[in-house]
Amino acid sequence: MKRLGLVMLAVALCVVAARPAMAQGTRYGFSGGVVLPMGDYNTIDKLGFVAGVGATHWLAGQPIGIRADLSYSQTSHDPAVTGFDGHTKIIGGMASVVYALNPASAPARIMLNAGLGYYNVKIDATGGGSASESKIGFGGGVAVAFKMGTGSTRLIIGTRYTSVSTSGSSTTFLPITVGFSFGK
């Protein structure tokens with residue numbers, strides 16, 4: 001819990017530090033999609049779903065932004081491998097730096113991101129127990145934001161490799177999402 005507080009403090013400091021320099025404004029959004037387990041996580045769980053919300057604060061005159069987002073994902077155990085049914089649920093947040101490869105006025109804006117976050121990974125077994133761990137994670141990815149009409153709404157398709165430093169081996173996954181963003 002102490003680490004979650006430190007991550008939230010870091011996000012707040014980034015937002016406060018960036019606020020005087022922001023001219024392009026803040027964009028808010030939501031997304032949903034699929035989550036692909038990777039590594040050891042892939043051996044016990046199948047494809048799942050992910051949903052999230054986030055905000056990006058763009059620095060004045062720069063293709064750089066500071067992003068904070070929260071996500072929830074769930075995958076199902078593969079009973080042929082594990083011998084039991086159940087789910088893995090991951091909830092967490094990440095603070096990222098975003099770099100846009102082209103201007104905000106472009107019809108399709110490609111963005112790269114990398115960041116640090118804090119996640120809770122909970123493994124439930126149907127008819128059995130559960131285990132939960134909260135750990136630091138990191139991620140990096142890419143997204144493309146397509147302008148929709150003449151307003152500020154954008155359709156965003158993106159992915160971000162994420163690794164959570166759980167005991168034993170890291171829990172790694174690749175969410176592939178589609179969402180909308182609004183704002184300046």
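The values are calculated or read from the model by the stated rules, or taken from the named source; none is laboratory data. Since we're looking at a predicted model, the values are computed, not measured. Cβ sites come from the backbone with ideal geometry, for glycine too, and all protein chains shown count toward neighbours.
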Subject >> Which numbered condition Ser170 misses (of (1) out of contact with any helix residue (DSSP H, G or I) (no Cβ under 6 Å at 6 or more places or on another chain); (2) farther than 17 Å from Pro37 by Cα; (3) in contact (Cβ under 8 Å) with a residue 60 or more places away in the chain) >> reply: (2)
**OP:** Take region 27-63 and flag every residue that is of a type in the set (A, V, I, L, M) and out of contact with any helix residue (DSSP H, G or I) (no Cβ under 9 Å at 6 or more places or on another chain).
**Re:** Val34, Val35, Met38, Leu47, Val50, Ala51, Val53
Subject >> Contacts under 8 angstrom Cβ, first residue in region 134-157 being closer than 17 Å to Leu112 by Cβ and free of Cβ contacts under 8 Å to residues at least 40 places away in the same chain, partner of a type outside the set (Ser, Thr, Tyr) and not in a strand (DSSP E or B), 6 or more apart >> reply: Phe146/Pro107
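Table: residues versus (1) under 14 Å from Arg27 (Cα atoms); (2) under 10 Å from the mean Cα position of the chain (by Cα).
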| position | (1), (2) |
| --- | --- |
| Phe49 | no, no |
| Ser71 | no, yes |
| Gly92 | no, yes |
| Ala104 | yes, no |
| Thr126 | no, no |
| Lys135 | no, no |
| Met148 | no, no |
| Ser152 | yes, no |
**OP:** Give me a count of the residues in region 88-106 that are at pLDDT 95 or above and either buried (at least 20 other Cβ atoms within 10 Å of the Cβ) or over 13 Å from Val164 (Cβ atoms) (or both).
**Re:** 12
Subject >> Test: residue in region 74-86 that is touching a strand residue (DSSP E or B) at 6+ places or on another chain (Cβ under 8 Å), buried (at least 20 other Cβ atoms within 10 Å of the Cβ), β-branched (Val, Ile, Thr) and under 17 Å from Gly183 (Cβ atoms) >> reply: no
